[in-house]
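Peer 1: Below is the structure I would like to discuss, written out as structure tokens.
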Amino acid sequence: MNFVSKLMAYLRGEVQRVVTNKEYMIVYNAIIYECDTNDNNDEVHQIFNELVEEYIVQEVMPILQGKEGEQLLTNLVQQWDRFCIYSKMMDRSFEYLNRYFLKNHNLPTTGKACHNMFKDLVFRPARDQINAALLAEIKKQRNADQVNREIIKKSI
């Protein structure tokens, strides 16, 4: 999907805009066509899940691996902010699935699915490290050392 590669370039800071309105509508209409006309809802939903999981595994996790302390928290907050943009764009693009297929099959919406995948693939495996880093930063603050309070707030 050309849309996903443009979205990735935007998140990396390589371009100033993800897509034009016309390009977005082409993607949105292609998804509607596949879901409605070709009745490929399951396949489109699977593609959505694969795209989100691929983003997390290839873009988010490598940046967080091997990090500790304040560096882990800083990178986690940065990746979370980027992931929120990614999930919002994906949620909007796959809105047709939300309104018809997912709603009728009692499945979580695309936005909820994105956040669940982030929680399952990123947060839960690193939860102990994140907690330790947060506690270390709080301890530094209590000892009157200088800490980045914004990172602590966003991490929590």
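The values are calculated or read from the model by the stated rules, or taken from the named source; none is laboratory data. Please read these numbers as outputs of a predicted model, since none were measured by experiment. We place every Cβ from the backbone using ideal geometry, glycine too, and count neighbours over all the protein chains shown.
Peer 1: Could you tell me which of the residues R149, R99, R82, R127 is among the basic types (K, R), farther than 22 Å from M8 by Cβ and modelled with pLDDT of 85 or more?
Peer 2: R127
Peer 1: Looking only at the range 93-113, how many residues end up being surrounded by 14 or more Cβ atoms within 10 Å (Cβ to Cβ) and within 15 Å of V44 (Cβ to Cβ)?
Peer 2: Looking only at that region, the number is 13.
Peer 1: Can you confirm whether A136 is assigned to a helix (DSSP H, G or I) and among the small types (G, A, S)?
Peer 2: Yes: the conditions hold for A136.
Peer 1: Moving to a separate point now. Residue by residue through the range 139-156, note down the ones that are among the acidic types (D, E) and assigned to a loop (DSSP other than H, G, I, E, B).
Peer 2: Answer for the range 139-156, where residues must be among the acidic types (D, E) and assigned to a loop (DSSP other than H, G, I, E, B): just D145.
Peer 1: Kindly indicate which of V60, V15, V27, V52 is touching a Leu at 6+ places or on another chain (Cβ under 9 Å) and surrounded by 13 or more Cβ atoms within 10 Å (Cβ to Cβ).
Peer 2: Selected residue: V60, the only one of V60, V15, V27, V52 that is touching a Leu at 6+ places or on another chain (Cβ under 9 Å) and surrounded by 13 or more Cβ atoms within 10 Å (Cβ to Cβ).
Peer 1: Related question: Being among the aliphatic types (A, V, I, L, M) and at pLDDT below 85 is the filter; apply it to the range 12-25 and report the residue that is farthest from S93 (Cα to Cα).
Peer 2: Among them, the one singled out is V15.
Peer 1: Of the residues L51, L72, L107, which single one is more than 28 Å from S5 (Cβ to Cβ) and in contact with a helix residue (DSSP H, G or I) (Cβ under 8 Å, 6 or more places away or on another chain)?
Peer 2: Step by step, each of L51, L72, L107 is checked, and only L72 is more than 28 Å from S5 (Cβ to Cβ) and in contact with a helix residue (DSSP H, G or I) (Cβ under 8 Å, 6 or more places away or on another chain).
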